Amino acid sequence: MKVTDLTQMVHSKSEQVTVAVAHAVESSIFTACSLAAERGTAFFHFIGPLTEMTDAMKEAGVQQSDQFSFSDAADESESAEKAVMLVHKGQADVLMKGMTPTSKLLKAVLHKEKGLRTGRLLSHLAGFQFREQEKMLFLSDAAMNIAPDLTQKQGIIENAVAALSAMGMKLPKTALLAAVETVNPAMPAAVDAAVLTQMNRRGQLADCVVDGPLALDVAVSAKAAHQKGLDTEVAGQADLLIAPNIETGNTLYKSMTLFGNATVGGMIVGARAPIVLTSRSDTAESRLLSLLMAVSTIQK
């Protein structure tokens, strides 16, 4: 899958998607949303203190647009609550984190009556675009589930596969990461990977091709896979990496951006609507990729 594939999918939608942005008080938010609006990606409803949002928009050099609308909110918590409510009521299709802390946004998302719960596990899906290659690489979970057990890992895979399928990727090659490719009873990550691989072969994990345990080099490098004698459908050509825990996922996520110079998009999946989850320090380019990922999953 390429970024151009996501762009084409978004532009092919018959109806424009609406994105509710919680606490839009930083200039890069408006830069990214303005670029997205110009490309016909989405309509944006910004929630936050009106004066601060106006100042941020001016700082970004962005002009008011008929694809923008605004709602006043006193603080981060109210911004999150109002943004979630727009999605809850069907007045917006995608929730986007602005400058409100993730904890406050998730509190609103998980509200029993007014939130976006589905009963499914919530997990984070990241997409990386490297300058040296066109194909994107996806990773889950680097931000939500700390030490997922076997059942939670199954949910993480199912969430990621559902999102990638909605983006147009059929049967994503899914690598379950561990330190080695052999099943060592002393390494829980390797044992879980072997069980999940078998579950996939027996049809308990559908719409994907799962293989593991696989070390990172074997998962993404055909040369490393060949050198280690691993000739499988996934080895050396993974589309999706599944981290065994949040430490591995988060370190890999940051390594790809810091040392791999990748542009990264991030979203939470498993809720009633996709949630664009970016870091406060993310660039407009990263925010735009996150938007493309989330909007492309909306069926319109």
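The values are calculated or read from the model by the stated rules, or taken from the named source; none is laboratory data. Since the structure is predicted, the reported quantities are computational estimates derived from the model, not experimental observations. All Cβ positions, glycine included, derive from the backbone under ideal geometry; neighbour counts span all protein chains shown. Just so you know, the surface numbers come from the protein's heavy atoms only, side chains and all, with ligands and any DNA or RNA stripped out. Shrake-Rupley method; radii C 1.70, N 1.55, O 1.52, S 1.80 Å.
Quick look at the numbers
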read-out: All positions within segment 226-269 that are in a loop (DSSP other than H, G, I, E, B), within 23 Å of MET187 (Cα to Cα) and within 18 Å of the chain's Cα centre (by Cα); value: ALA238, ALA243, PRO244, ASN245
read-out: Failed item, numbered, when ILE298 is tested on (1) farther than 23 Å from GLN133 by Cα; (2) open to solvent by 30 Å² or more (accessible area, probe 1.4 Å); value: (2)
read-out: Some residue of segment 194-205 being hydrophobic (A, V, I, L, M, F, W, C), in a helix (DSSP H, G or I) and closer than 14 Å to ALA160 by Cβ; value: yes
read-out: Where SER103 falls short, out of the listed (1) without any contact (Cβ under 8 Å) to a residue 40 or more places away in the chain; (2) part of a helix (DSSP H, G or I); (3) open to solvent by less than 40 Å² (accessible area, probe 1.4 Å); value: (3)
read-out: Qualifying residue in segment 77-96 (condition: aliphatic (A, V, I, L, M), modelled with pLDDT under 95, touching a strand residue (DSSP E or B) at 6+ places or on another chain (Cβ under 8 Å) and within 29 Å of SER255 (Cβ to Cβ)); value: no
read-out: Among residues of segment 123-143, those that are over 11 Å from the mean Cα position of the chain (by Cα), open to solvent by less than 50 Å² (accessible area, probe 1.4 Å) and under 22 Å from SER165 (Cβ atoms), counted; value: 3
read-out: Residue list for segment 86-98, filter: surrounded by fewer than 19 Cβ atoms within 10 Å (Cβ to Cβ) and either touching a residue at least 24 places away in the same chain (Cβ under 8 Å) or in contact with a helix residue (DSSP H, G or I) (Cβ under 7 Å, 6 or more places away or on another chain) (or both); value: GLN91
read-out: Enumeration of residues in segment 51-76 that are surrounded by 17 or more Cβ atoms within 10 Å (Cβ to Cβ), among the hydrophobic types (A, V, I, L, M, F, W, C) and in a loop (DSSP other than H, G, I, E, B); value: ALA60, VAL62, ALA73
read-out: Check on GLY168, open to solvent by less than 70 Å² (accessible area, probe 1.4 Å), farther than 30 Å from LEU50 by Cβ, assigned to a loop (DSSP other than H, G, I, E, B) and small (Gly, Ala, Ser); value: yes
read-out: Count of residues meeting criterion [within 13 Å of GLU181 (Cα to Cα) and touching a residue at least 12 places away in the same chain (Cβ under 8 Å)] in segment 226-235; value: 5
